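Undergrad: Pasting in a structure now, in structure tokens, and then I'll have a few things to ask.
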Amino acid sequence: MRLPHALGRFNKVVTNPIQRQWAPHVAPWAMVSHIGRKSGTRYSIPVLAWTEGDRLSIVLTYGPGTDWVKNVQAAGRFDIVRKGKQHTVVGPRVVPSDSPDIVKGARVAARGFEYVLNGTILPDDKANS
């Protein structure tokens, strides 16, 4: 299942600004920060993200064709704030929702959707290199 684009437009204008207040602090919510591949503008969006060790999985509720997913794949990295801590994630790749590579915590949520974005969280000492 993929959520309708009309809901995405509504969320962008109405609910995302509200979620930005608490999403960086309340797991499984998190804030993805990325740079637009065409505009060069920095964007920040709330997502549902789960971690296991250095692995991260984000359920793609609107599918893999959204601008933010294209942006992070083009850049090969992005920042995420989860539980109040900022991390750099590298190697973002879209996998089917039934992939064994999805972290355990995300598997139940992923069942309702087609795709998940996986990535590797860099250790703090490697994030700025």
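None of the figures in this text is laboratory data; all of them are computed from the coordinates on show. Everything quoted here is computed from the prediction, not taken from an experiment. FYI the Cβ positions are ideal-geometry reconstructions off the backbone, even for glycines, and counts take in every protein chain you see.
Undergrad: What dipole magnitude, in Debye to the nearest 20, does the chain give about its Cα centre under +1 on Lys/Arg Cβ and -1 on Asp/Glu Cβ?
TA: 320 debye
Undergrad: Here's something else I'd like to know. Using the 2.2 N^0.38 Å rule of thumb for compact globular proteins, work out how region 5-121 stacks up: its C-alpha Rg over that value, please.
TA: That ratio works out to 0.97.
Undergrad: Okay, moving on. Pick out, from Gly53, Tyr43, Val94, the residue whose Cα sits farthest towards the positive end of the charge dipole of the chain, with +1 on the Cβ of Lys and Arg and -1 on the Cβ of Asp and Glu.
TA: Towards the positive end, the residue furthest out is Tyr43.
Undergrad: Among 105-114, 44-53, how do they line up by average Cβ neighbours within 10 Å per residue, starting with the highest?
TA: So the peptides 105-114, 44-53, ranked by packing, come out 44-53, 105-114.
Undergrad: Specify the residue with the greatest mean-square fluctuation among Pro64, Pro96, Pro24, computed from a Gaussian network of the chain linking alpha-carbon atoms under 10 Å apart.
TA: Pro96
Undergrad: Using DSSP to define loop residues, name the trypsin sites (Lys or Arg not before Pro) in region 14-103 whose beta-carbon has at most 10 other beta-carbon atoms within 10 Å.
TA: In loop regions of region 14-103 (DSSP not H, G, I, E or B), the sparsely surrounded trypsin sites (Lys or Arg not before Pro) are Lys38.
Undergrad: Separate question: Excluding same-chain residues fewer than 8 positions from Lys85, which lysines have a Cα within less than 17 Å of its Cα?
TA: Lys85 reaches Lys126.
Undergrad: Would you give the gap between the C-alpha center of region 36-69 and the C-alpha center of region 83-122, rounded to a whole Å?
TA: Rounded to whole Å, the Cα centres lie 10 Å apart.
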